[in-house]
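Below is one structure, written out as structure tokens, with a few remarks after it.
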Amino acid sequence: MQADRERKYDAGSCPPNRPSCRIIGLFAALSDLNAVLRRRGIETFIDDFIELFIIYETHGRSRSRYQLERDRKYSCLHGDLSSRQDRAPTNANATGPPHHGSGDKAATARSAPGHHPNRDARRMDTIYLISKLMVGVVVALAIVPLRDVARLANTPAVKRGWHALNAGCVICIVLLVILTMSMPPKTLDLNTVVELIMYFVGAAVIAAFAHLARRTGLDLIRLAPFEVQAFTDGLTGLGNRRLFTERLDEEIARARDTGLPLSLIVLDIDHFKRVNDTYGHAIGDVVLKHVANAVMAGMRNADTVCRIGGEEIAAIMPRIDPAQAAAMADALRVAIGATAVPVGDGRTIAATVSLGFATWKPGEDGDDLFGRADAALYAAKHAGRDRISLAA
């Protein structure tokens, strides 16, 4: 089987001009570098790699010829001129003073032992090939960060967007490798150098963007708990006064732009101070949590419920007109009063609430709307508590 592979290889099944053969040439040169590194050290790594790759491209059609040429040229790597004398012309029989014309100078330069135009051209082509492949490596550095950013995203649409961007990077790498390996040889002139610089800069920008996006996402995740704490009441889990003020202004601006109704309910626990004085503040906290949970259970996802101070709770309800607000307020009053709150030792108490509600009028700001709803709340308290009141 090994002999069959040798015959197939020598028959020219992998012409050196094909991209697949160039890739094989890279691995063949890298494998031969093991001996080079052991004998010479790391200082000659690049030149030895390029030399061996050029040998493979030149004689890669036959493994035996490649090995023979590699062994013949190995001793002349990095300036050993003794093995190049068979290629350099000799002037041992020439007599007389040398001529100094321009043609003689050019001939002297071409016949110099270190001047090999074909090898130098292949060396430049190899450097260009390696540089383009390094661009693909730089772009590949963005794949893992983009994958991590996609995992950090919460919504499916954002996840799909980051996955699509990651897939685009992979496609760019594949196309870059295919085009690089299939393109004709290219010399390193000024335009080629500028092209490589542009490739490297673009790849570096993509990789830097991916890493910064991942770090930004991780920072936002670390800051998210602090943002929740800044807008959440620690006892009830409802929003606090800061969230209530900001959300009320936002909803009023939206109602002003869309013309849709906006209602606000403000409720207060009846005789809450008596509960604290009779059963203690721990039982008072239990009653407050019970009322907060009942209010949250009766609200929609679009509503915002906040504890705005003491035992006072407010609910912002967009797209709710006065009739709907009255029905929701009365349903809350019934649900809270129908549930007994355990206070220990088998005892329970019934908590009741008074509610006032108001609907936004054109020209009002947040303070005006809250002032009318709060006035309606105190009207309900003065009317006997455990009832609802519509603002004027």
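The values are calculated or read from the model by the stated rules, or taken from the named source; none is laboratory data. Since this is a predicted model, take the numbers as computed values, not measurements. Please note: Cβ atoms are built from the backbone with ideal geometry, for glycine as well, and neighbour counts cover all protein chains shown.
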(request) Kindly list, by first and then second residue, each pair from a residue in the range 327-347 that is closer than 23 Å to Ala376 by Cβ and in the same structural domain as Leu377 (by TED's automatic domain parsing) to a residue that is among the β-branched types (Val, Ile, Thr) and assigned to a loop (DSSP other than H, G, I, E, B), limited to pairs with Cβ atoms under 6 Å and residues at least 6 apart or on different chains. (result) Gly337/Thr352
(message) Which numbered condition in (1) touching a residue at least 12 places away in the same chain (Cβ under 8 Å); (2) surrounded by fewer than 19 Cβ atoms within 10 Å (Cβ to Cβ); (3) of a type outside the set (Lys, Arg) is the only one that Thr258 fails?
(response) (1)
(request) Please find, within the range 287-333, the residue that is surrounded by the most Cβ atoms within 10 Å (Cβ to Cβ) out of those that are within 15 Å of Ile269 (Cβ to Cβ) and of a type in the set (Val, Ile, Thr). (result) Ile313
(request) Could you please let me know if Gly284 is closer than 11 Å to Val266 by Cβ, crowded, with 19+ Cβ neighbours inside 10 Å and out of contact with any Lys or Arg (no Cβ under 8 Å at 6 or more places or on another chain)? (result) no
(message) I need a count of the residues in the range 213-250 that are surrounded by 12 or more Cβ atoms within 10 Å (Cβ to Cβ) and modelled with pLDDT of 90 or more.
(response) 17
